[in-house]
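The values are calculated or read from the model by the stated rules, or taken from the named source; none is laboratory data. Just so we're clear, the structure is a prediction, and the values are computed from it rather than from any experiment. Cβ atoms come from the backbone with ideal geometry, glycine included; neighbour counts cover every protein chain shown.
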Amino acid sequence: MNQPVNSADIHKAIVQEQAAQDRKKMMLNGVLLLLLLAAPFMIYPVFLMKILCFALFAVAFNLLFGFTGLLSFGHAAFLATGGYTTGYLLSNYSGLSTEMGIIAGTLAATVLGTGFALLSIRRQGIYFAMVTLALAQLVFFFFVQSEFTGGEDGMHGIPRGELLGFINLEDNLNMYYFVLAVFIACYLLVQRIVGSPFGQVLKAIKQNEPRAVSLGYNVDRYKVLAFVISAALAGLAGSMKSVVFQLASLNDAHWHMSGEVILMTLVGGMGTLLGPVVGATFVVNIEYQLSQGALRDWVDPILGGIFVLTVLAFRSGIVGEIQKFVKKNLG
Amino acid sequence: MSMIFGVPLAVLSGQLLIGIINGAFYALLSLGLAVIFGLLKIINFAHGAMYMLGALTTVLMFDYLGVNYWVALLLAPLLVGAFGVAIEYFLLRRIAGQDHIYSLLLTFGVALIISGVLVNWFGVSGLRYTMPDMFKGGVNLGFMFMPYYRAWVIVAALVVCFATWFVIEKTKLGAYLRAGTEDSQLMQGFGINVPLLISLTYGFGVALAAFAGVLAAPIYSVTPVMGSATLITVFAVVVIGGMGSIGGAIITGILMGVIEGLTKTFYPPASSAIIFLVMVLVLMFRPSGLFGKEA
């Protein structure tokens, strides 16, 4: 019974298993990357770009909601601010190269996000959600009344222009690979953030904020930083979206959009890296399929139904449930 | 005509009146939110939809069944309240032990379903509700014209607000409610049927919203989407006042309506944003809210 166990052997086994898992992950990622690179030859690139933009939006939101435990009901404000800023600059300054417009849009959302964060972290839990929703409504009113946004009509004909001054983005393939590159970079950034000591503190705040405080962490500073990063990435998603569709509209600023990104994250799996991406793909596809068929007027109630069902029956979301299943049966 | 700060007195008092009426609606709605929050610890994102249901039921009951205003004033809140009890019993209760964020999201989903389905049936253009005959016309107060119905709305809202405050603060039932807010487990231990109390509380909070909806039917355009924008404003009102006290919710609601009315008189472009701006100021200088106890 009592076999002598050599701790070095155990260590070796763990390292080997770790390496095997890493290899599996690498292979999976490689396959995914190949699929993404080949996708525009099989599926309409603009549709793919729509998914990527919303996936980035959801990934950004998830950093705050899934990893820090802060439910923002106002993320539409950042998406719209990024979109409008980029759209306005690219439409009115023809010398500007596209990436500068996108960077400017992201910066605008970052600044707005800082303001939101400093105000909203003064209240906790449920109040936090209400404050962010109300602040986003304020931003919505601003966009409705401003001249430059085109009000109810929206901003049309935003030029895609050229990337770095020589890559023509009017070409859908060029545009797609640009959006894909930005998306992957942001995804890796979030992955890095979540895995970093900073990310560990965020998770600690989510699990037990008073304990994080008692351990000496300046919780508010971490929350603000997480919020600002999330807002910046959401703004970047909005900026790219306005370039892809050459259009920025009030839809992006409406509270409905804030609800949609919550749904994407929840359905995909909050607090997982891949979840928001899966969720965004799912929701964008459902919306598209419904809009084509007999149920085109029933998109809202169906989304509401998915919301209710997810909350009641599978709170871990698609990715979360798969992870659970794998752990239970294969782990 | 007498002028105040360059604005005719009649215009100013007219806007003030509209402000007080809007404030009465804010008060009723935030009161319902506060009642629900007290026991269930959730923010009811379906509150705007319930307000809309109150107004819509009133219109439909009149159009199809000939139910008059007074009966609707009683029946609509009862129906919507019962609907609320069903939602609590069949949906909210299932996730009672989970993080409150989930119940909040659940009510959000419910609101999407309700307004989405009704938009398909009735469209987004407003339904009309004819004002009861006895409310037609008004009285000249000398400095302004006061329509009878608007006076009634103010009186009715104040009476219901006061009655709610009285029940919660001064009666035995209210004592149970307040005790449940403090420690519902202990109360269960004393033999009080807490799950039933929770269902009824949710139903009652929702019925308050429906009551506001009935009051709104003759003066606002009744559409399936009328609740959502109002609800967000009410959220701002709740953040300003804090949900610590019933009285605070009422006072803040009316105060915000008046401030909105004044803004409409003196600087119209800011009128839709003013309550949110006040919220920002409150968050900066008094983060727990005007009447709030919590951090």
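Answer yes or no: is there a residue in the range A:120-133 that is within 11 Å of chain B (Cβ to nearest Cβ), assigned to a helix (DSSP H, G or I) and of a type in the set (Phe, Trp, Tyr).
There is at least one residue in the range A:120-133 that is within 11 Å of chain B (Cβ to nearest Cβ), assigned to a helix (DSSP H, G or I) and of a type in the set (Phe, Trp, Tyr).
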Inset, instruction - May I ask you to list pairs of residues, at least six apart or on different chains, whose Cβ atoms are under 6 Å apart, with the first in the range B:225-240 being facing another protein chain (nearest Cβ under 8 Å) and over 18 Å from A:LEU119 (Cα atoms) and the second being part of a helix (DSSP H, G or I) and modelled with pLDDT of 90 or more? - result: B:SER228/B:GLY48
Inset, instruction - Could you check, for the range B:33-54, whether at least one of its residues is more than 30 Å from B:LYS264 (Cα to Cα), polar (S, T, N, Q) and within 14 Å of chain A (Cβ to nearest Cβ)? - result: no
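So is B:ILE219 in contact with a Lys or Arg (Cβ under 9 Å, 6 or more places away or on another chain) and away from chain A (no Cβ under 14 Å) or not?
Values: in contact with a Lys or Arg (Cβ under 9 Å, 6 or more places away or on another chain): yes; away from chain A (no Cβ under 14 Å): yes.
So B:ILE219 fits the description; yes.
Regarding the range B:102-113, can at least one residue be identified that is in contact with a Ser or Thr (Cβ under 7 Å, 6 or more places away or on another chain) and of a type in the set (Val, Ile, Thr)? Working first, answer last.
At the first step, the residues of the range B:102-113 found to be in contact with a Ser or Thr (Cβ under 7 Å, 6 or more places away or on another chain) are none.
Scanning the range B:102-113 turns up no residue that is in contact with a Ser or Thr (Cβ under 7 Å, 6 or more places away or on another chain) and of a type in the set (Val, Ile, Thr).
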Inset, instruction - All but one of (1) within 14 Å of chain A (Cβ to nearest Cβ); (2) surrounded by 13 or more Cβ atoms within 10 Å (Cβ to Cβ); (3) in a loop (DSSP other than H, G, I, E, B) hold for B:GLY116, so report the exception by its number. - result: (3)
Legend entry - Residues located in the range A:185-213, provided they are surrounded by 15 or more Cβ atoms within 10 Å (Cβ to Cβ) and either without any contact (Cβ under 8 Å) to a residue 24 or more places away in the chain or among the charged types (D, E, K, R) (or both): A:VAL201, A:LYS203, A:ALA204, A:LYS206, A:GLU209, A:ALA212
Inset, instruction - Check off (1) part of a helix (DSSP H, G or I); (2) within 11 Å of chain A (Cβ to nearest Cβ); (3) out of contact with any Ser or Thr (no Cβ under 6 Å at 6 or more places or on another chain) for B:THR57 and give me the number that stays unchecked. - result: (2)
Inset, instruction - Taking only the range B:60-86 into account, find how many residues are modelled with pLDDT of 95 or more and among the hydroxyl-bearing types (Ser, Thr, Tyr). - result: 0
Inset, instruction - Would you check which residues across the range B:89-110 are facing chain A (nearest Cβ under 7 Å) and under 13 Å from B:GLY48 (Cα atoms) and list them? - result: B:PHE108, B:GLY109, B:VAL110
Inset, instruction - Would you check if A:ALA104 is touching a Leu at 6+ places or on another chain (Cβ under 8 Å) and not in a loop (DSSP other than H, G, I, E, B)? - result: yes
Legend entry - Residue, farthest from B:LEU17 (Cα to Cα), within the range B:276-295, restricted to residues that are facing chain A (nearest Cβ under 8 Å) and assigned to a helix (DSSP H, G or I): B:MET284
Legend entry - Cβ-Cβ under 9 Å pairs, at least 6 apart or on other chains, the range A:16-37 side within 18 Å of A:MET49 (Cβ to Cβ), far side surrounded by 10 or more Cβ atoms within 10 Å (Cβ to Cβ): A:LEU33/A:ILE184; A:LEU36/A:LEU48; A:LEU36/A:LEU52; A:LEU36/A:LEU180; A:LEU36/A:PHE183; A:LEU36/A:ILE184; A:LEU37/A:TYR177; A:LEU37/A:LEU180
Legend entry - In the range B:197-221, residue surrounded by the fewest Cβ atoms within 10 Å (Cβ to Cβ) [restricted to those that are at pLDDT below 90 and β-branched (Val, Ile, Thr)]: B:ILE219
Inset, instruction - Go through (1) more than 14 Å from chain B (Cβ to nearest Cβ); (2) in contact (Cβ under 8 Å) with a residue 24 or more places away in the chain one by one and return the number of the condition A:VAL326 breaks. - result: (2)
Inset, instruction - Mind counting the residues in the range A:145-164 that are surrounded by 15 or more Cβ atoms within 10 Å (Cβ to Cβ) and either out of contact with any Leu (no Cβ under 8 Å at 6 or more places or on another chain) or not in a loop (DSSP other than H, G, I, E, B) (or both)? - result: 4
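Give the number of residues within the range B:183-206 that are without any contact (Cβ under 8 Å) to a residue 12 or more places away in the chain and more than 24 Å from the chain's Cα centre (by Cα). Give the derivation first.
First pass over the range B:183-206, keeping only residues without any contact (Cβ under 8 Å) to a residue 12 or more places away in the chain: B:183, B:185-191, B:193, B:196.
Now restrict to residues that are more than 24 Å from the chain's Cα centre (by Cα): B:183, B:185-191, B:193.
So the answer is 9.
Only one of A:LEU266, A:LEU273 is away from chain B (no Cβ under 14 Å), buried (at least 17 other Cβ atoms within 10 Å of the Cβ), at negative phi and in contact (Cβ under 8 Å) with a residue 12 or more places away in the chain. Can you tell me which? Working first, answer last.
Numbers: A:LEU266 fails: away from chain B (no Cβ under 14 Å).
Matching residue, one of A:LEU266, A:LEU273: A:LEU273.
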Inset, instruction - Check the range B:126-147 and report whether any residue there is away from chain A (no Cβ under 14 Å), out of contact with any Gly (no Cβ under 6 Å at 6 or more places or on another chain), within 28 Å of A:PHE73 (Cβ to Cβ) and surrounded by fewer than 17 Cβ atoms within 10 Å (Cβ to Cβ). - result: yes
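Looking at A:LEU28, A:LEU64, A:LEU34, A:LEU48, which one is over 15 Å from A:THR272 (Cα atoms) and surrounded by 12 or more Cβ atoms within 10 Å (Cβ to Cβ)?
Details: A:LEU28 fails: surrounded by 12 or more Cβ atoms within 10 Å (Cβ to Cβ); A:LEU64 fails: over 15 Å from A:THR272 (Cα atoms); A:LEU34 fails: surrounded by 12 or more Cβ atoms within 10 Å (Cβ to Cβ).
Among A:LEU28, A:LEU64, A:LEU34, A:LEU48, only A:LEU48 is over 15 Å from A:THR272 (Cα atoms) and surrounded by 12 or more Cβ atoms within 10 Å (Cβ to Cβ).
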Inset, instruction - Could you pull out the residue among B:ILE42, B:ILE18 that is within 17 Å of B:ALA236 (Cα to Cα) and surrounded by fewer than 24 Cβ atoms within 10 Å (Cβ to Cβ)? - result: B:ILE42
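Please determine, by comparing only the residues of the range A:214-263 that are among the polar types (S, T, N, Q) and assigned to a helix (DSSP H, G or I), which one is surrounded by the most Cβ atoms within 10 Å (Cβ to Cβ). Explain how you work it out, then say what you get.
Just the residues of the range A:214-263 that are among the polar types (S, T, N, Q), to begin with: A:214, A:218, A:230, A:239, A:242, A:246, A:249, A:251, A:258.
Going one step further and asking which of them are assigned to a helix (DSSP H, G or I), we end up with A:214, A:230, A:239, A:242, A:251, A:258.
Working: A:SER214: 9, A:SER230: 28, A:SER239: 34, A:SER242: 31, A:ASN251: 15, A:SER258: 24.
Step by step, filter the range A:214-263, then rank; the result is A:SER239.
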Legend entry - Any pair with Cβ under 6 angstrom, 6 or more apart, that starts in the range B:122-140 at a residue that is among the hydrophobic types (A, V, I, L, M, F, W, C) and ends at one that is in a loop (DSSP other than H, G, I, E, B): B:PHE122/B:PRO224; B:VAL124/B:THR223; B:VAL124/B:VAL225; B:MET131/B:PRO218
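Which fully enclosed helices (runs of 4 or more DSSP H) of the range B:181-258 have 3 or more residues being among the β-branched types (Val, Ile, Thr) and closer than 19 Å to B:SER30 by Cβ?
Numbers: elements: B:184-189, B:194-216, B:226-241.
Answer list for the range B:181-258: B:194-216, B:226-241.
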